[in-house]
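Structure, as structure tokens:
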Amino acid sequence: MLRAVADAVKKEFGSSDSFRVGGDEYVAFAVDSTEEEVSRKVRALCGAIKQMGYHAAVGYECSEIPEIDMNSLIVKAESRMYRDRSDYYSKHDRRART
């Protein structure tokens with residue numbers, strides 16, 4: 001599953017801008033992309049993961065160049081990811097394998 005998710009992240013965001021930062025966590029940068037483009041890539045990523053029969057909690061955040069605060073971006077993206085995970089498990093049994 002981790003390889004499949006990594007491949008999907010790389011397909012949408014490129015291998016030079018995608019990184020594994022934890023056991024099952026990835027970060028991708030979409031430099032010079034609009035928020036609309038990033039949102040489209042995230043939807044495509046989620047669709048690809050779902051099509052493979054998996055679910056991954058996904059969070060993202062966008063910022064314009066002059067206002068970039070990496071710590072704030074990370075906190076906001078993680079917050080979205082935790083909310084996504086919570087929403088998923090509110091509808092699915094954690095113990096079930098799908």
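No lab work stands behind these numbers, since they all come straight from the coordinates. This one's a predicted model, so the numbers in the text were calculated from it and none came from an experiment. A quick note on method: Cβ atoms are made from the backbone with ideal geometry, for glycine too, and the neighbour counts reach across all protein chains shown.
Hey, Gln51 hits all of (1) out of contact with any Cys (no Cβ under 6 Å at 6 or more places or on another chain); (2) surrounded by 11 or more Cβ atoms within 10 Å (Cβ to Cβ) but one; which does it fall short on? Among (1) out of contact with any Cys (no Cβ under 6 Å at 6 or more places or on another chain); (2) surrounded by 11 or more Cβ atoms within 10 Å (Cβ to Cβ), Gln51 violates only (2). Within the range 79-95, work out how many residues are in a loop (DSSP other than H, G, I, E, B) and either touching a residue at least 12 places away in the same chain (Cβ under 8 Å) or surrounded by 10 or more Cβ atoms within 10 Å (Cβ to Cβ) (or both). Residues meeting the conditions: 1. You will find that of Lys76, Lys11, the residue that is surrounded by 12 or more Cβ atoms within 10 Å (Cβ to Cβ), touching a Leu at 6+ places or on another chain (Cβ under 9 Å), assigned to a helix (DSSP H, G or I) and among the charged types (D, E, K, R) is Lys11 and no other.
Among the candidates Val21, Val58, the residue that is within 21 Å of Arg85 (Cβ to Cβ), of a type in the set (Val, Ile, Thr) and either touching a residue at least 60 places away in the same chain (Cβ under 8 Å) or surrounded by 15 or more Cβ atoms within 10 Å (Cβ to Cβ) (or both) is uniquely Val58.
Pairs are defined by a Cβ separation below 7 Å, a sequence spacing of at least 6 or placement on different chains, a first member in the range 28-50 that is more than 20 Å from Ile65 (Cα to Cα), and a second member that is in a helix (DSSP H, G or I); the pairs so defined are Ala44/Glu12; Leu45/Ala8; Leu45/Val9; Leu45/Glu12; Ala48/Ala8; Ile49/Val5; Ile49/Ala8.
Residue count for the range 14-56, restricted to those that are hydroxyl-bearing (Ser, Thr, Tyr), more than 13 Å from the chain's Cα centre (by Cα) and assigned to a helix (DSSP H, G or I): 2.
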